[in-house]
Structure formats: C-alpha cells, structure tokens
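The values are calculated or read from the model by the stated rules, or taken from the named source; none is laboratory data. Since we're looking at a predicted model, the values are computed, not measured. So basically every Cβ, Gly included, is an ideal-geometry build from the backbone, and we count neighbours across all protein chains shown. SASA here: full protein model, heavy atoms, side chains in, ligands and nucleic acids out. Shrake-Rupley method; radii C 1.70, N 1.55, O 1.52, S 1.80 Å.
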Amino acid sequence: MAYALPLHQHGKSKVRLGRVWRDGNIHHMVEWNVDTMIESDMEHAFVKGENTGMTATDTQKNTVYVVAQRMSQKCTVEQFAIALAQHFVRTYPLVSKAKIYVEQKPWNRMQIGGLPHDHGYALAGTEMRTVYVTYDKAGKLDVTAGLKELSLLKTTQSGYEGFLRDEYTVLPEVNDRIMASTVTCTWKYTTQPSCYDAAFSAAKSGLLDAFLGPAKSGVYSPSVQYTLYNMAKNLLDRVPQAESVFLNMPNLHFIPVNPVGSKFNNDVYVATSEPHGNIEAVVTRRGMMPHAKL
C-alpha cells in the first residue's frame, strides 16, 4: 500500500517570556506566552526516522528568548512575533514557513498618588492581547491581531424577541435584560499599520463603543447577533488596515430571581456561566476573503 505525507509541521508551545526595557528610571515590562510552529523539508524525519537538518523544538524555545533580547527597543507583541517568524525562515535553509502565536498578559503600569509608577505593574483583569503571524520563504507576511477574554456587560438596553417558537420553546420574550459576554476577536491586516498599539486601541474602542453605546444613553441590542455585527463594522471603520474580523461572543445568562417572600424587580439574578449561547461570525470588507473558519 502506498502512503503520502501531504502536511506536517513541528513547534514549541507555551513558552513563557518576560521582557523588561529600562529607559533610565522608567521600566517597560511585558509578559508573553509564545507558540512557535514551522513548516520545513523534514519528510525524512517522519518516513525514515532521520533528523538531519531539523530545527529542534528545544532550539525554537531557546530562540524565543534570544530574539526577545535582540529587540533592544521597546516593541509591540506584533513586532516581536514578526521578528521571530523572520528569524526562523531566514536562518534555517529547510524551513519554508514560520507560524507564531503570542498572547500578552494584561500587566498595566500602576498609578500611585495620581502619578504613573516608574516600575510598578498590576494585572488588569483577564483580557489578553493576541497576535498570529506567518512568514514564508517568498517573503509573504500575514499579521492577525486580536484579543480574548474581554468580559463585557450592560444591565439594560438589551432584549430578545420575535424568534421561532414551537413545542420545545419555553424562553420568554424580553425587551429589558442583562447582556454579558466574554469576547474573542481577531482581525487580519491587509497592510501593516504604522503603529500596532494605536491600531489595537482603535480596534478595541470600536468594539466597546458598539457594545455599550454612549455613556448616558447606551444603545439597544435586539440580539447578540446584531451587536456582534455592529462591533465588527465599527472595528473595520476605525482600523483601515484591517480587512476581516472574527468575533466569538458567548451569551452569558443572568436569570431573574423571585426572592422568597418577594418578586423580581429588575434587581436580583442568578449569575451563570453555563450552559450559554454561543454566537460567532466573520465580517469582511466587501470583496475580501474571510481570514477565519467557523
């Protein structure tokens, strides 16, 4: 019987890295969780058991720290991932493509007495900034930025009505409910922005503004689906370099409660995390290809 090996790759996962840049008394710090994966001309390792020319996964792990140290100036997570991917492709003859995924932990500079601390940081929630970079021998670079575990909630200006009803439906229609989600979002750049930090900030503010609406009035959401679509449109409007947006938004339920001896008055809920609805979509500029599969 004949066999084929159409696809193969190897890499290192969960490489944890802290990087500090000292600018006099001002220290800049990031913590990254790095996954590397390389495509290479290593069929012989699979079919013959020969490891000649292989870039070992331990070598990939060590390279993460080497490239981090070489980034002598404070850089974004996107710039680091690009440098790492290019290093693998340009250094090792058998490597045809490098794929780098990085998550950035939310360490934020502390404010003490109204002033930014020179070297003190605190974790700001669970939200993480992400990036996925690919780079190949032909010099083709793709950068997909994103965020995950962005927890959002509003206590009103949300409802769900008009859905199909049959013998299995018991869900009541409502026009005033809590809306909550833990958002995962990625967006692919057509061209690279001049400042990745500014592009990320614009993308995030677009998501938040579409979900929450104006500070004093909010914005009504007839469904998670409608809000998701408007969040993606807002991101594309504010980040002209982005061509495609993926959003995953679980619908986290807060169930009204009638306390013993009383009744629900838009005040007491059972907070739940599961089971939950799960809504996702890809929104692109017209004529552009989606960068993610559902």
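A helix-only calculation puts the chain at -7000 deg cm²/dmol for mean residue ellipticity at 222 nm, using -39500 (n - 2.57) for each DSSP H run of at least four residues, averaged over all residues. Accessible surface comparison of 38, 82, 112, probe 1.4 Å, protein chains only, largest first: the order is 112, 82, 38.
Of all trypsin sites (Lys or Arg not before Pro) in segment 156-209, which ones are in loop regions per DSSP and have a Cβ with at most 15 other Cβ atoms within 10 Å? Loop-located and lightly packed - 165.
I'm spelling it out carefully: the read-out is volume of the Cα convex hull per residue in Å³, the candidates are (1) 252; (2) 229; (3) 186, and one was derived from this structure. Which label? Looking at volume of the Cα convex hull per residue in Å³ for this model, the match is (2). With all protein chains in place and a 1.4 Å probe, the accessible surface of the chain carries 54 percent carbon and sulfur. Distances between placed amide hydrogens fall under 5 Å for residue 40 paired with 96, all partners being 5 or more residues away or on another chain.
Taking 0.36 nm per residue of separation and subtracting the Cα-Cα distance, what length does fully extending residue 122 through residue 141 add?
Values: separation 19, 0.36 × 19 = 6.84 nm, distance 3.36 nm.
The span from residue 122 to residue 141 would gain 3.5 nm if fully extended.
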